[in-house]
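Beneath this line is the structure, given in structure tokens, with notes to follow.
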Amino acid sequence: MKESTIAKTIPVGLAIIGVVLLYVWLSADAAINLTERLPIADNVIQTPLDENGVEMRGEFVQFDGVPADLPGAWPQFRGPNLDAISNDENVTLARTWSANGPKVLWSIDLGEGYAGAAVLAGRVYVLDYDQENKADAIRCLSLADSKEIWRYSYPVKVKRNHGMSRTVPAVTDKYIVTLGPKCHVTCLDSMTGEFYWMLDLVKDFKAKVPPWYAGQCPLIEDGRAIIAVGGESLMMAVDCQT
């Protein structure tokens with residue numbers, strides 16, 4: 001008798017609960033919050049994203065350094081003719097040094113790595129790594145006294161592995177192109193530091209970052225950046241202006 005009462009009570013209880021839930025659902029505000037979405041034009045260059053899908057917003061800073069009135073140019077890896085030889089008639093190289101070596105005109109501390117400098121129009125260009133702020137930093141210095149003229153940096157996390165930066169910028173009187181340790185290619189106005197474009201070779205072309213980080217140096221020829229991508233593209237030329 002007791003079991004029969006329980007068997008009858010359970011279905012009735014479930015039915016009551018169902019009615020209550022149905023009432024709550026029907027009484028609730030059924031309005032749906034919609035967010036307006038605006039159409040985006042095709043082929044519009046968007047802000048570059050890092051490997052984690054985070055927007056890479058570069059930061060430009062102007063300093064009080066001024067370009068030097070000095071001759072000499074070393075605008076890319078291995079010099080103007082890619083042979084590591086200077087043929088500049090305006091620059092006289094010493095044939096001998098004293099026991100203490102050449103006189104140090106100036107020096108400046110940089111992040112760890114093996115990056116080299118490019119020199120043009122009284123300016124020194126170097127791709128540095130700012131370990132404190134975790135950012136690649138494209139720096140333009142005065143050849144006369146090392147005072148910084150401008151800097152363009154963008155966030156990228158690079159763990160210390162025999163240093164970070166590895167490469168030499170390519171510079172003309174219009175453009176500077178750099179390739180960062182994690183395969184970010186950046187093009188700026190070499191005189192003003194104005195941003196033109198950035199490529200993420202890993203995201204855009206399936207390139208792979210070596211364990212010791214990217215070490216290839218970009219070149220500029222006839223206004224085009226020459227980059228050995230790897231991944232889906234062995235090599236490519238990119239218009240520096242666009």
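The values are calculated or read from the model by the stated rules, or taken from the named source; none is laboratory data. In this text, all values refer to a predicted model and were calculated from it rather than measured experimentally. For neighbour counting, all protein chains shown are included, and Cβ atoms are generated from backbone atoms with ideal geometry for every residue, glycine included.
Listed values, structure above:
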| read-out | value |
| --- | --- |
| Condition met for Gly180 (surrounded by 15 or more Cβ atoms within 10 Å (Cβ to Cβ) and under 24 Å from Phe60 (Cα atoms)) | yes |
| Strands (runs of 3 or more DSSP E) within the range 89-180 that include 1 or more residues at pLDDT 95 or above and under 16 Å from the mean Cα position of the chain (by Cα) | 123-130, 135-142, 148-155, 175-179 |
| Criterion violated by Ala237 - all others in (1) loosely packed, with under 15 Cβ neighbours inside 10 Å; (2) assigned to a loop (DSSP other than H, G, I, E, B); (3) not acidic (Asp, Glu) satisfied | (2) |
| All positions within the range 215-233 that are closer than 19 Å to Leu82 by Cβ and in a loop (DSSP other than H, G, I, E, B) | Gly215, Gln216, Cys217, Pro218, Asp222, Gly223, Ala228 |
| Tabulated pairs, the range 93-112, first more than 18 Å from Leu70 (Cα to Cα), second modelled with pLDDT of 90 or more and not in a loop (DSSP other than H, G, I, E, B), C-beta under 6 angstrom, 6+ apart or interchain | Leu110/Asp128; Gly111/Asp128; Gly111/Tyr129 |
| Test for Gly215: is it over 20 Å from Leu120 (Cβ atoms) and either surrounded by 14 or more Cβ atoms within 10 Å (Cβ to Cβ) or within 17 Å of the chain's Cα centre (by Cα) (or both) | yes |
| So Val61, is it among the β-branched types (Val, Ile, Thr), modelled with pLDDT of 95 or more, surrounded by fewer than 17 Cβ atoms within 10 Å (Cβ to Cβ) and not in a loop (DSSP other than H, G, I, E, B) | yes |
| Residue tally, condition without any contact (Cβ under 8 Å) to a residue 60 or more places away in the chain and assigned to a loop (DSSP other than H, G, I, E, B), over the range 181-193 | 2 |
| Any hit, the range 221-229, residues being in contact (Cβ under 8 Å) with a residue 60 or more places away in the chain, surrounded by fewer than 22 Cβ atoms within 10 Å (Cβ to Cβ) and β-branched (Val, Ile, Thr) | no |
| Filter result (surrounded by 17 or more Cβ atoms within 10 Å (Cβ to Cβ) and among the aliphatic types (A, V, I, L, M)) within the range 95-116 | Leu110, Ala115 |
| Qualifying residue in the range 135-150 (condition: of a type in the set (Lys, Arg), in contact (Cβ under 8 Å) with a residue 60 or more places away in the chain and more than 17 Å from Gln76 (Cα to Cα)) | yes |
| Selection status of Asp145, among the charged types (D, E, K, R) and either touching a His at 6+ places or on another chain (Cβ under 6 Å) or buried (at least 19 other Cβ atoms within 10 Å of the Cβ) (or both) | no |
| Pairs where the first residue, in the range 196-219, is within 15 Å of Tyr114 (Cα to Cα) and the second is charged (D, E, K, R), C-beta under 7 Å, 6+ apart | Tyr213/Arg166; Tyr213/Lys182; Ala214/Arg166; Ala214/Lys182; Gly215/Arg166 |
